[in-house]
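The values are calculated or read from the model by the stated rules, or taken from the named source; none is laboratory data. Everything numeric in this text was worked out from a predicted model, so none of it was measured. Using ideal geometry, Cβ is built from the backbone for each residue, glycine included, and neighbour counts are taken over all protein chains shown.
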Amino acid sequence: MRIRHYLLLLLAGACGEAPDEATTGPPRAPRYVLTGVAYDSAVGLPAPGVKVTVGSPSTVTDEIGRYRLVVDSGRHVLTAPDSLYEPYQQTPIVTGDRVLDLQLRRLTPYVTGVVFVRDTIYATVVDLQGRRTLDRRQLSRLEVRGPGTVFTVTASRWAWLAIDLESWRVVVPVGRDDLTEATWRVMDIEGFEFLATCQRDGVCDHLPARH
């Protein structure tokens, strides 16, 4: 009888055993992959080295602007804090693997539409913060190269023709028609700098913006 009573007590204890917390806690939200490319919206090129954050997970874009994060399902706040771009934020809803490209608005100026015409170089200079923020004196300059010659033309010698609130058309007299290459160094009053080397055929190698 005592043995039977003891067995009944053991059975009752087993039935009343506390369940494992891992099996009774709230179910974990499914996880998905969020990928995309961060672009410099001013020039349409990928933006490498930009930090992308979704809550605590974060990563840095690679050399061609790609990022990859693993996040829980649901609504998130995605940010891309970078000193060369305006503050960027999106609130994507993630319900599966998703591709989300980022268009970053640059703080630095940039040069586009470069044309060599005989002894003059033409270009459009844009600053999304407003064309009046550009340095048009000594800090901005153009270094030109040709057969046996290299010289610099400072921005004070450029002709600046206003296009709109963000853009100037610049005309740079260089005095020679055999120049083959020009490196633009354009700065604004906040110290943001744009660098690009352009060939006579108009092809430009845009170097990373700096501050």
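Scanning segment 101-113 for residues that are at pLDDT below 90, surrounded by fewer than 16 Cβ atoms within 10 Å (Cβ to Cβ) and within 13 Å of the chain's Cα centre (by Cα) turns up at least one hit. Evaluate the following for ALA38: is it of a type outside the set (Val, Ile, Thr), under 30 Å from GLY130 (Cβ atoms), under 15 Å from the mean Cα position of the chain (by Cα) and at pLDDT 95 or above? For ALA38, the condition - of a type outside the set (Val, Ile, Thr), under 30 Å from GLY130 (Cβ atoms), under 15 Å from the mean Cα position of the chain (by Cα) and at pLDDT 95 or above - is met. Residue pairs whose Cβ atoms lie under 6 Å apart, sitting 6 or more positions apart in sequence or on different chains, and linking a residue in segment 77-106 that is aromatic (Phe, Trp, Tyr) to a partner that is not in a strand (DSSP E or B), are TYR88/ALA80.
Out of the residues in segment 37-75 meeting the condition of being of a type in the set (Asp, Glu) and not in a loop (DSSP other than H, G, I, E, B), tell me which one is surrounded by the most Cβ atoms within 10 Å (Cβ to Cβ). Break it down into steps so the answer makes sense when it comes.
Of all residues in segment 37-75, those of a type in the set (Asp, Glu) come to 40, 62-63, 72.
Narrowing the set further to residues that are not in a loop (DSSP other than H, G, I, E, B) leaves 40, 72.
Numbers: ASP40: 23, ASP72: 14.
Out of the qualifying residues, it is ASP40.
Picking from residues in segment 106-141 that are of a type in the set (A, V, I, L, M, F, W, C) and part of a loop (DSSP other than H, G, I, E, B), the one that is nearest to ALA38 (Cα to Cα) is LEU107. Within segment 131-147, residues that are within 17 Å of ALA162 (Cα to Cα) reach partners that are modelled with pLDDT of 90 or more and β-branched (Val, Ile, Thr) with beta carbons closer than 7 Å, at six or more positions or on different chains, in the pairs LEU134/VAL125; LEU134/VAL186; SER140/VAL186. Can you confirm whether TYR32 is aromatic (Phe, Trp, Tyr), surrounded by 15 or more Cβ atoms within 10 Å (Cβ to Cβ), assigned to a strand (DSSP E or B) and within 14 Å of the chain's Cα centre (by Cα)? For TYR32, the condition - aromatic (Phe, Trp, Tyr), surrounded by 15 or more Cβ atoms within 10 Å (Cβ to Cβ), assigned to a strand (DSSP E or B) and within 14 Å of the chain's Cα centre (by Cα) - is not met. In segment 76-88, the count of residues that are part of a strand (DSSP E or B), of a type in the set (A, V, I, L, M, F, W, C) and over 14 Å from TYR39 (Cα atoms) is one or more.
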